[in-house]
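Derivation of every value follows stated rules applied to the coordinates shown; laboratory data play no part. Quick caveat: nothing in here was measured; it's all calculated off a predicted structure. Here the Cβ is made from the backbone with ideal geometry for all residues, glycine too, and neighbour counts use every protein chain on show.
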Amino acid sequence: MDENIINAVPSKAALLNKVSFWILLVVTALLPVFFLPVSFLSTQFGTSLLFSFGVIVSAILYIVSGIKNGSLDLPKPARYVLGFLALVPIAYTLAGISNGFNRMAFFGYTFDISTVGFVLLSFVYMFLVSVLFSDRQKIVKGYMAFSLSAVLFGLFVIVRLVSSGKALSFGLFPSTTSSMLGSWNNVAILFAVSALLSLITLEMNRGLSKILKIMLWVGLVVSMFFVALVNFAAVWVILGLVSFLFILFRMFSLYSENDMVPISWAKRLLKAPKISVAIFVLSIIFYIGSASFGLFLANKFSATSVEVRPSFGSTMEIAKNTIREKPLFGTGPNTFVTQWLTYKPADIVTTVFWNTDFTNGIGLLPTFAVTTGVIGILSWLLFLGFYLYLGIKSIFVRQEDGSNRYIVITTFFVSLFMWATHLVYVPSTSIFVLTFFFTGLFFASIYTSGIIPVVNRKFNLNARQGFVSSVVMVASLVAVVGLGYGLFRNSLSLWYFQKSSYALNTNNDSKGAENYMLKAIVAVPNDIYYRSLSEIQIFKLNEVLAQDTKVVKSEDIQKQFNDGLVNAITAAKSSVDMDSANYLNWVSLGRVYDAVSIPQINITGAYESAQLAYIEALKRNPKNPGILMLLARLSATRNDLKQAEAYAQQAIQIKNNYLDAYFLLSQIEVANGNIAGAIKSVTSASVIDPTNPAIFFQLGLLKYNQQDFKGAIEPLEKATTMTPDYANAKFFLGLSYEATGSRDKAIKQFEDLAVSNPDSKEVTALLENLKAGKPIFTDASNAKPEKGKELPVKERNN
């Protein structure tokens, strides 16, 4: 194939490439600070849109320029570089196809970073950055774009900290630690990157101007302050490790005037980069003292945040079981949650996260092991191995131009840090994309330095090569346009979906919610949309039943109800048809039948259909006691108390501190008139297991049902002593105090509840009555909370 020097590219291609470059630069600069100021859309959705459409437009321009001019800018040798860059996208695509073409795998709900489409675009973006930024000035512009966005984001965070999260909330960021970048830990990663850029620049450029040095020192100090404020242990470890590697690199890259003369260890140690050593030591100190130094800063600025992820061990266990089941391509992209439900650790159900469906493992790369199998693992190992090989080789290459060497070293160490974080963390969209940006800049730097040259390859001088190349580029263009169209449809459907949720939850507008949801389904018929449509139909059924028979004829109400029921069942069945493996779709179908299985409505077959749907859901999520409780409540509604008790007992076997199950068991004992016997058996259980607060809660609740308020106080006090924020134990303890004349103690319990349950109208009303000296219950409908279908208040840790 004929090759010409890159500066021979025709002017039209140069213009298209220039536009493509500026699109990528602007998109990259906006990534950390961009968000759509719409309350019903997530900030990550806006970031995904910005990135995806930016890359698609840039890719189209790049391909069109190649087709128009019969040439493309490509690294030499292209087959090796492009081959390694294409490994992961190919493996991802095959994993998606091999598990059956699934829209969730290719696009997800919000074009998630775990989907085939987003991974494809990320590697296209990295390639485009590598060839379009392969000029020193352009790489510097990339640095400046990142620095500017980091400064703007830093100012945003500072304002949020100073105002305790009140300023610049835009109705989207409720807490001090929430931002457009995603979770709080992502802030630490962003500023760790900023710190690395600053320290390497200071270490390798001794001839900097005084003003620039001051700016870099300020950037370094401020960046390290934010890293310390977030206090993410994984970032301290990786930052310390990368700093240590940079120290070693600087020590072993020293050259003597005569290469034949070795440099002593003493001289190498004296030449160790001082700033990097300081960052390394600081990382160790903060990692070891994270419970003191880090917490001090976080508490000082009210910037504490907890982010929960599966452990490394549980992620690896899930990966091992998945690979044993589906070795080659795993379960398919964006499907980690299904494996989590199947293989999650048994002890997770005793924690507050028992009902959390994790969509990723401890890190993004370990998650990919589950979703893409051995082929996916090998593709990542080969790509990252190629990247590391080039990096280690390139940073030790002697270069006359110090600027080029500085750029190669900076981009390699920064991208290395970012890839390392992916092993132990699942980053936000912005951080994920910035990883590919700095990796693309690294490739651009080795192209600029001549380590790997970039040439303008012409393919229109030979008929055979021209034909094959044109077919490939046209196919690539069609694929990119198709990806863009799929993204547009996905975005449109999500827009309508979020509008529907907002209309129902904020304005109780069931009609508007239904219309928006139907539009979402027309755009993209996802199972979650059908599931949500069935919930809307259930809401509408309640509205129909609430109509005044004096205003609306009974036969009209009956017709409206029948039509609504058919619509609800149809929507729920459609969600099951779309994805029968998702337990939530079966729960949704069960809820529809459950809602009309009560004796007052008495729809024939509703009970059996609800029971069947819940059992199917349990098969797909066997370690979830909540589904057993749905079956228990369904049986209780049918007055099959024996079956209800059996399901509740099964739920407790899975989760021995499951309050809802204990609450239902107490109600069953009351209904059976066996309170005394139940108290005796629960008392025995409390002796056998004296550390389980749920048992003491049940004992206190049984005595409260027996109106033994004085007897209820002791076990309820024990429950709240073991678990100080045990909301429902406090609720009934407060009622017991009030019933025995200890109103001050009752007020204290409800004051605590007002803090933990600020949205509970019942708690607010009871507290007002207590303080006013009125009877605690002024509303007869709420005077028997122990007989309610659900616990009276929400638990934060149940």
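A simple count of charges around residue 386, restricted to other residues whose Cβ falls under 15 Å of its Cβ and scoring Lys, Arg +1 and Asp, Glu -1, yields +2.
Over 10 Å intervals from 0, what percent of Cα-Cα pairs in the stretch 74-459 sits in each interval? Per 10 Å bin, starting at zero, the Cα-Cα P(r) for the stretch 74-459 comes out as 5, 21, 30, 27, 14, 3, 0 percent. The protection proxy used here, the mean number of other Cβ atoms lying within 10 Å of each residue, ranks peptides 440-448, 479-487 as follows, highest first: 440-448, 479-487.
Were the residues from residue 542 through residue 233 laid out at 0.36 nm apart, the gain over their Cα-Cα distance would be 106.3 nm.
Looking only at Cα atoms, what is the convex hull volume of the chain per residue, in Å³? Write out the running numbers ahead of the final one.
Details: hull volume 161.1 nm³, N = 798.
Measuring per residue, one finds 202 Å³ for the Cα hull of the chain.
Axis angle, to the nearest 10 degrees, between helix 402-424 and the longest C-alpha principal axis of the chain: 20 degrees.
Return the calculated 222 nm mean residue ellipticity for the chain, to the nearest 500 deg cm²/dmol, obtained by summing -39500 (n - 2.57) across DSSP H runs with n ≥ 4 and dividing by the residue count. Before the final figure, lay out each step's value.
Numbers: 32 runs with 553 residues, N = 798.
-23500 deg cm²/dmol, from helical runs alone.
Amide hydrogen proximity for residue 455: with H placed 1.01 Å from N in the peptide plane, the residues at 5 or more positions away or on another chain lying under 5 Å are 74, 76. If the chain linking residue 86 and residue 505 were pulled fully straight, counting 0.36 nm for each residue of separation and taking away their Cα-Cα distance, it would gain 146.4 nm. Approximating the spin labels as points 7 Å out from Cα along Cα→Cβ, the residue 244-to-residue 305 distance works out to 2.8 nm. Annotation note: trypsin sites (Lys or Arg not before Pro) in the stretch 189-245 located in DSSP loop regions with a Cβ neighbour count of at most 15 within 10 Å are 206.
Kindly give Rg over Rh for the stretch 656-798, based on alpha-carbon atoms, with the Kirkwood expression for the hydrodynamic radius. Intermediate results must be reported in sequence, preceding the final value.
Working: Rg = 14.1 Å, Rh = 15.0 Å.
Rg/Rh: 0.94.
Can you give the FRET efficiency for residue 39 and residue 356, using 1/(1 + (r/R0)^6), R0 = 22 Å, r = Cβ-Cβ distance, to the nearest 0.05? Approximately 0.35, to the nearest 0.05.
Sites count as exposed loop sites when they are GluC sites (Glu not before Pro), lie in a DSSP loop, and have at most 14 other Cβ atoms within 10 angstrom; the longest stretch of the chain without one is 401-789. Semi-axes of the equivalent ellipsoid of the stretch 309-418 are 38, 16, 9 Å, computed as sqrt(5λ) over the eigenvalues of the C-alpha gyration tensor in descending order. Helix 583-595 and the long axis of the chain differ in direction by around 30°, with both axes built from C-alpha atoms. Reported value for the stretch 73-149: 98 Å³ per residue, from the convex hull of its C-alpha atoms.
If you line up the long axis of helix 463-507 against the longest principal axis of the chain, both from Cα atoms, how many degrees apart are they, to the nearest 10? Once rounded, one gets 30 degrees.
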